[in-house]
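Colleague: Take this structure, written in structure tokens, and hold onto it; I'll ask about it next.
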Amino acid sequence: MDARAARAAGRHPQGLPFRLTWDNSYFDDRYQGIPIGGYTGMFERILEGIEVRTGIDYLAARDTLDALAHTTVYTGCIDEFFGYAEGELEYRTLRFESDIHPSTNWQGNAVVNYSDPEVPWTRSIEHRHFDNDPSVPVTCVTREIPDRWARGKIPFCPVGDAPNLARHERYLARAATLPKHVFGGRLAQYRYYDMHQVIGSALSVAQRLLRRDPQPVEPV
């Protein structure tokens, strides 16, 4: 499937490496991996000793939350942050279907990509190939299915055509007037980031903020 056909089908060509091998890697990168125990354990260790509040709509409580913060890092949809003042951006969204199979190896690989237009999903993912626990007698396979974007669905990545990019530039101009806010990630920066690019971008922003204000922030 070429890039034009992928876009027409609602699939993002950058996210689907194509190869005809039984290489069990997720992508073609030389170095890749999953944290031992998964991302949940990694974030639990990162956030240890830090106050975490969940189930809060930031946009509904923005004034209260911003008053607590020295700097606010916003990673949601930038058009929603500004009340869609410059128009609504388009995002790609997905549906997921999962099955449990009585096997320890269902498809032989962590990910299998599908380019056949008759198949509704772009790839199927067998999670145990990332962090295999031989004591678990079953395996979970998830199918990733492109879906039509509408407000209220989960946005995953931008639609990087000229009208959307021009609209995002106008939102960036608005963001530049808010010195206490940092806009990051796929949705706020409106970029197709892979995991290593997200981490690199976050570290770069953190270093810039620390250079600008090297003093520790006093608790409120």
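Rule-based calculations on the coordinates, nothing more; no lab input. Predicted model only: the values in this text are computed from it and were never measured. When we count neighbours, we look across all protein chains shown, and the Cβ atoms used for this are built from the backbone with ideal geometry, even at glycine.
Colleague: Out of (1) more than 24 Å from TYR39 (Cβ to Cβ); (2) under 21 Å from the mean Cα position of the chain (by Cα), the odd one out for ILE154 is which?
Modeller: (1)
Colleague: Still on this structure, please answer the following. Among (1) touching a strand residue (DSSP E or B) at 6+ places or on another chain (Cβ under 9 Å); (2) of a type in the set (Phe, Trp, Tyr); (3) under 27 Å from VAL205 (Cβ atoms), where does PHE82 come up short?
Modeller: For PHE82, the failing item is (1).
Colleague: In the stretch 79-114, what residues are among the aliphatic types (A, V, I, L, M), under 30 Å from ALA150 (Cβ atoms) and surrounded by 13 or more Cβ atoms within 10 Å (Cβ to Cβ)?
Modeller: Correct list: LEU89, LEU94, VAL111, VAL112.
Colleague: Turning to a different aspect of this structure: Can you name every residue in the stretch 56-77 that is among the hydroxyl-bearing types (Ser, Thr, Tyr) and either loosely packed, with under 13 Cβ neighbours inside 10 Å or in contact with a His (Cβ under 9 Å, 6 or more places away or on another chain) (or both)?
Modeller: So in the stretch 56-77, the residues among the hydroxyl-bearing types (Ser, Thr, Tyr) come out as 58, 64, 71-72, 74-75.
Selection gives THR64, THR71, THR72, TYR74.
Colleague: Something else: For the stretch 55-77, name all the residues that are without any contact (Cβ under 8 Å) to a residue 40 or more places away in the chain and either assigned to a loop (DSSP other than H, G, I, E, B) or touching a helix residue (DSSP H, G or I) at 6+ places or on another chain (Cβ under 8 Å) (or both).
Modeller: GLY55, ILE56, ASP57, TYR58, LEU59, ALA60, ALA61
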